[in-house]
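The values are calculated or read from the model by the stated rules, or taken from the named source; none is laboratory data. Treat the numbers as computed from the prediction; the structure is a model and nothing was measured. When we count neighbours, we look across all protein chains shown, and the Cβ atoms used for this are built from the backbone with ideal geometry, even at glycine. Only protein heavy atoms, including side chains, enter the accessible area calculation; ligands, DNA and RNA are left aside. Shrake-Rupley method; radii C 1.70, N 1.55, O 1.52, S 1.80 Å.
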Amino acid sequence: CAVSRNYALEASQKHSVLWGLPEVRGIENCMPESERLAVIDSAGEGAYEKSRAVAKKFVQEKFGLRQDPDARLFVFLGRWVKQKGVDYIADVTEWMLRTYKNAQLVMIGPVGDSYGSYARAKFDRLKRSGRFEGSLFVHADFLEVPRELKLACDFCLMPSRDEPFGYVDIEFAWFGAAIVGSLRGGLGKLPGFYFQILNADSSEHMQTALRKSISAAMKAKPETLAAMSASARASKFPVAGWQREVMDIYQLTMSKFFSQDSEVPEPRTPPAFLSALTQRGSQLSDDRHGCLPPGPEFLHQEPSEAEMQALVDAKLALRNPRCAADIIEQVEWERELSQEKGCLTRALGKMVLGAPILDWIICLCYISGPLVAALAFGHADLSDQLSTAVERPCAEAVALLAWTLAACSAPPNLLMTAALLARLLPLALPFIDAPTWVIALVLGVVGPSDYLFLYYSFMGSSVGDVSRLAIRTGFIIAVRKQWEPLLALLAQTPRIVEFSLDAHCAILLSILPAALMLQAPKIYRVFRVPGFSLSWMRKLRFLMLFAVATVLEAFAHTSHTAVLTLRQMQPFHLQWAQIYCLLLALAIAVPMILLGYMLRRFPSYAVVVVKAFACWTLPATLLQCWAQAEVDRAGYLVLELDALIFTSTVVGALGVYAAAVAVLATVGSRWRFVSYSCIVGILSHFARASSFMIARAVFGEDVLQGAASHSFAARFAWRLLLIAIPACGSALLFRLLAFLYFEQEASGMLNTQMNRDLVRLAGIGKPKAARAKAACADNTSARELSLPKLERGAARFAGGAAQNRISGSTNCSSSQSASPTATDKQIVSWV
């Protein structure tokens with residue numbers, strides 16, 4: 001049971017440990033009436049405004065702020081820790097005080113972690129500059145604040161990353177302040193200027209969203225702020241209502257999970273939760289009675305918070321970073337490397353473009369996997385299609401499971417070393433003229449080891465930010481999948497050139513990186529995959545639907561691989577095949593780079609763009625086969641045909657790119673990603689094998705032989721199209737269904753039902769009747785809502801819905817709320 005309803009929804013979506021429970025419910029905390037500003041309120045609005053002016057003058061004198069009765073005072077009061085988002089305030093303070101001359105800021109609270117140390121250093125730098133004398137007061141420690149501070153405050157800053165309930169906003173709201181902060185957890189229950197979190201792991205997005213909220217607050221009219229103040233002071237969180245809800249939960253728990261037959265109640269634990277507890281208890285028992293893990297790694301001491309704060313302070317003295325996450329990640333990694341003894345190990349851990357050098361080596365190993373396979377086939381006889389199209393993917397499916405299970409027990413660097421050395425076997429096959437079935441079998445066993453490089457990529461840096469994922473892991477997945485145009489050129493290379501390439505690849509893509517893996521830093525030596533499990537997937541509907549779509553699309557694999565072959569058939573003979581393939585590869589690379597740059601440049605829109613491309617992109621195979629089929633009697637449409645082939649290939653590449661990022665943004669854990677990639681990969685390999693058998697049944701003969709026997713390409717293309725339509729059409733349908741759940745389940749968003757209700761309550765794009773209905777979902781009476789003009793993303797609305805949690809609770813007659821009078825107003829600004 002959580003301390004707020006919205007936090008309960010977020011927790012049930014985010015934390016897999018709760019997924020075995022039948023229900024996670026929230027109870028809004030209570031607030032004693034003794035904290036209320038009752039004496040002044042009872043004297044009337046005029047007395048309140050007068051007392052507030054006096055309090056503001058007192059606070060400005062006490063804290064050395066400029067005497068200005070019209071100044072708008074922002075206050076942060078609380079612990080300076082990561083959870084409270086204090087680093088975001090530090091990052092936007094210079095902009096706020098420079099942009100709005102009548103803004104004043106008071107920051108009070110003790111530093112609690114390295115993010116607080118970052119904020120303190122940033123504020124100290126601003127104070128020493130002397131540019132904001134009279135506009136900024138900072139006290140990074142405990143301080144007994146006067147009661148007048150709450151009364152003088154215009155806006156209470158709460159840009160929390162996570163907030164179970166929040167008492168500070170109630171304390172300030174009961175004195176008439178509006179809230180400026182994030183719509184996360186228990187926040188949003190009082191009038192204020194809130195921003196929706198679209199990418200919680202992106203500091204750039206959070207700073208941009210906070211700036212918009214501050215701008216909306218500063219531009220709000222005095223009468224709007226007065227109405228918000230009156231509504232905030234009238235809000236109630238009664239103890240009696242909280243007690244009733246606790247008793248209801250207690251009685252429900254007793255009736256559901258405890259037997260009533262015996263005098264002493266016996267608990268009935270939910271089976272899924274009991275299983276998790278049993279496994280955990282077994283682990284604890286083994287740790288308690290067994291031996292400690294061998295080796296010095298067990299004795300590795302994690303840095304204390306005090307040590308981290310000292311390291312951050314020292315780093316901040318040398319540079320002025322753009323956000324806390326970057327410098328703290330750098331400090332943690334440098335401390336990790338300082339404990340390494342080898343010079344080569346420390347060199348491999350050196351940061352380049354935001355990631356250790358070893359991470360980029362691992363990425364190169366993953367991307368180069370298709371090149372090794374292409375060199376292994378080289379000039380081999382491809383007429384044995386049963387080996388290449390059926391035997392190989394079936395072997396890959398079995399080998400993928402074996403390599404993934406090995407990752408659960410073997411150290412990462414040793415396992416990647418074994419995978420790299422295993423590449424020597426397929427690279428040696430062209431020198432001995434091995435038969436096609438041997439090459440297919442060897443590649444089927446060695447090829448899936450490339451998944452290991454995907455599993456362990458970027459272990460030395462944080463990849464939670466979706467916009468950063470777009471530049472990193474999503475990009476390497478997309479690049480690997482778009483090798484086909486370039487690899488098609490290898491079939492036309494002379495034999496001596498092929499042997500030379502084999503030798504160089506053996507050294508550069510196998511032996512050399514394998515030697516470097518043996519000198520990997522500690523993090524690459526100890527973090528094994530904890531286990532292989534798919535039980536968590538049933539709670540993530542997006543991933544389940546997306547996995548089905550990916551497997552279904554693999555059934556069109558034969559149609560996809562036949563496109564380039566089809567393009568070279570009569571009557572559209574391709575004379576400049578090499579230039580054509582190079583241009584096609586270039587056309588794929590440029591848009592992916594541009595998309596990655598855009599997502600990195602505009603992180604606030606990264607999740608939205610990723611969702612659109614991943615779920616709404618038409619399958620490239622479908623478009624390409626349709627284009628080939630349409631040229632049956634129009635031999636002069638070569639340019640139009642090539643334009644559609646290029647366009648569809650680019651769209652397909654962007655779709656693969658976005659799909660990889662969407663999956664990474666939803667799984668919420670590297671180890672869940674391992675399980676997901678393994679099961680989807682296995683099913684996709686079997687689907688590829690089935691695709692060839694289906695194509696063979698449709699053609700009645702081998703695919704390439706069937707293509708050569710047709711006088712026109714269109715007859716061949718129509719059959720490929722008929723194979724692709726069911727698979728690609730079904731995959732597109734499942735992706736569209738997955739689109740509906742992405743925002744709810746992406747770890748960086750956690751867009752709960754209450755958050756969506758607030759958007760509906762704001763009434764953007766809806767008539768008044770619909771807004772009134774959304775304001776009170778349980779059909780209790782609600783007075784008409786008014787929606788003024790939408791200005792720069794901030795929508796303000798006022799209404800008389802009988803609820804205190806105006807961020808979207810559907811219980812409009814909650815015991816936590818005071819029944820409003822005809823003059824009551826509840827104002828919210830949505831950014």
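Some notes on this structure:
- Residue match in segment 183-194 (condition: touching a residue at least 40 places away in the same chain (Cβ under 8 Å) and out of contact with any Ser or Thr (no Cβ under 9 Å at 6 or more places or on another chain)): no
- Unmet requirement for Ala418, which otherwise passes all of (1) buried (at least 18 other Cβ atoms within 10 Å of the Cβ); (2) closer than 25 Å to Ile439 by Cα; (3) small (Gly, Ala, Ser): (1)
- When Glu163, Glu171 are checked against the criterion of being outside any strand (DSSP E or B) and touching a helix residue (DSSP H, G or I) at 6+ places or on another chain (Cβ under 7 Å), a single residue qualifies: Glu171.
- Long-range neighbours under 8 Å by Cβ, at least six apart or interchain, first residue acidic (Asp, Glu) within segment 118-135, second surrounded by 14 or more Cβ atoms within 10 Å (Cβ to Cβ): Asp124/Val138
- Meets criteria (surrounded by 14 or more Cβ atoms within 10 Å (Cβ to Cβ) and either touching a Ser or Thr at 6+ places or on another chain (Cβ under 9 Å) or modelled with pLDDT of 75 or more (or both)) for Ser202: yes
- Pairs linking a residue in segment 679-691 that is farther than 19 Å from Val667 by Cα to a residue that is open to solvent by 50 Å² or more (accessible area, probe 1.4 Å) and in a helix (DSSP H, G or I), with Cβ atoms under 6 Å and 6 or more positions apart or on different chains, are Arg688/His557; Ser691/His557.
- Residue count for segment 646-682, restricted to those that are more than 30 Å from Leu198 (Cβ to Cβ) and at pLDDT below 75: 0.
- Test set (1) surrounded by fewer than 16 Cβ atoms within 10 Å (Cβ to Cβ); (2) modelled with pLDDT under 80; (3) within 31 Å of the chain's Cα centre (by Cα) - Trp616 fails condition number: (2)
- Single residue of segment 216-254 satisfying the filter (modelled with pLDDT under 90 and acidic (Asp, Glu)) that is least open to solvent (accessible area, probe 1.4 Å): Glu245
- Of all residue pairs spaced 6 or more apart or on separate chains, those with beta-carbon atoms under 7 Å, a first member in segment 595-613 that is aromatic (Phe, Trp, Tyr) and a second member that is part of a helix (DSSP H, G or I) are Phe613/Leu654; Phe613/Gly655; Phe613/Ala658.
- Per-region count, segment 347-361, residues out of contact with any Pro (no Cβ under 8 Å at 6 or more places or on another chain) and open to solvent by 30 Å² or more (accessible area, probe 1.4 Å): 7
- Complete set of residues in segment 77-96 that are within 18 Å of Ser213 (Cβ to Cβ) and assigned to a helix (DSSP H, G or I): Lys84, Val86, Asp87, Tyr88, Ile89, Ala90, Asp91, Val92, Thr93, Glu94, Trp95, Met96
- Hits in segment 101-140 - residues which are surrounded by fewer than 19 Cβ atoms within 10 Å (Cβ to Cβ), assigned to a loop (DSSP other than H, G, I, E, B) and within 33 Å of the chain's Cα centre (by Cα): Pro110, Gly112
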